[in-house]
Amino acid sequence: MKYFFYFFVLSTYSIFSQNIGSNGVRSDSRINDLFELIKNRVNKYPNTNPKVKGSEYFDKIFKPAEVKYFDKDLDENIFLRYNAYKDEIEFSNNPKTLSSDKILMKNMNISCSIVGEKYIYTNYININGLRKEGYLVVLFIGKKYALYEKRIKLFMEGSEAKTSLERSFDPRFVEKFKYYVSKNNSEKKEIKINKKNLVDFMDLDAKNKKKIIKQNKLKFKKASDIITILNEFDQI
């Protein structure tokens with residue numbers, strides 16, 4: 001019985017013990033359950049090719065982050081960065097690292113904030129009506145309306161000019177942004193930033209819509225315009 005007790009204590013200690021990371025920071029071993037190893041993944045593009053222009057990241061630096069699991073904060077030293085090409089959030093214990101073999105598990109009960117920007121893994125419907133899953137950045141959450149941003153990096157193959165009238169292009173990453181809205185906690189649907197689409201999305205009468213748009217001098221060319229009008233409508 002005595003040996004069983006020692007075994008139980010040692011097993012419990014092993015499960016809840018803390019590990020020392022490469023930077024000397026102590027890290028609760030339970031945090032590892034929220035991350036996945038990606039050592040065997042094969043890249044779809046030659047990231048060692050010096051001719052590739054741009055990056056798969058909007059920000060290459062690992063930043064201090066907060067992770068929530070079932071809305072419970074994990075009190076750990078965590079550094080994350082978003083890979084917009086692979087739609088993955090990479091993890092490191094060391095903010096100075098250049099690469100990582102771990103990503104945050106893609107789970108709708110796990111969210112994170114990277115320097116104040118909240119990323120959620122969720123369902124959404126694209127402009128063609130197809131249901132997708134992926135990371136969205138929360139831009140606005142009101143009583144009635146919500147706005148999300150999808151940050152994308154597309155890899156474009158290079159091309160050689162065939163004639164003197166054509167141009168050669170190096171392989172490159174191209175950035176793209178998409179926006180999704182929801183009303184009364186409904187499904188998140190893609191919307192193009194223009195006056196007609198946003199006005200049609202609102203459920204106020206035309207007179208009030210035009211008044212708010214005119215007062216705020218909105219041009220519907222950027223996300224901040226949408227946030228302004230959603231905030232105005234959310235107060236009504």
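The values are calculated or read from the model by the stated rules, or taken from the named source; none is laboratory data. Source: prediction; values computed, not measured. In this analysis, Cβ positions are derived from the backbone assuming ideal geometry, glycine residues included, and neighbour counts consider all displayed protein chains.
Pick from SER100, SER111: which is surrounded by 16 or more Cβ atoms within 10 Å (Cβ to Cβ), part of a loop (DSSP other than H, G, I, E, B) and not assigned by TED's automatic domain parsing to the domain that holds LEU230?
Answer to the selection: SER100.
Looking for whichever is modelled with pLDDT of 95 or more and charged (D, E, K, R) here; the options are LYS162, LYS210, LYS153, LYS143. Which one fits?
Criteria check complete, one pass: LYS153.
Please verify whether PHE173 is at pLDDT 75 or above and either assigned by TED's automatic domain parsing to the domain that holds LEU130 or on the phi > 0 side of the Ramachandran plot (or both), treating the condition exactly as stated.
Yes: the conditions hold for PHE173.
Within the range 59-93, work out how many residues are exposed (fewer than 15 other Cβ atoms within 10 Å of the Cβ) and under 13 Å from the mean Cα position of the chain (by Cα).
Looking only at that region, the number is 1.
I need the full set of residues from the range 115-137 which are in a strand (DSSP E or B), surrounded by 13 or more Cβ atoms within 10 Å (Cβ to Cβ) and over 9 Å from the mean Cα position of the chain (by Cα), in order please.
THR122, TYR124, ILE125, LYS132
Per-residue answers, yes or no, for (1) outside the structural domain of VAL137 (by TED's automatic domain parsing); (2) modelled with pLDDT under 80; (3) of a type outside the set (S, T, N, Q); (4) in contact with a Leu (Cβ under 9 Å, 6 or more places away or on another chain):
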| site | (1), (2), (3), (4) |
| --- | --- |
| TYR6 | yes, yes, yes, no |
| SER27 | no, yes, no, no |
| ILE31 | no, yes, yes, yes |
| GLU36 | no, yes, yes, yes |
| ASN40 | no, yes, no, no |
| ASN43 | no, yes, no, no |
| SER55 | no, no, no, no |
| ASP71 | no, no, yes, no |
| PHE79 | no, no, yes, no |
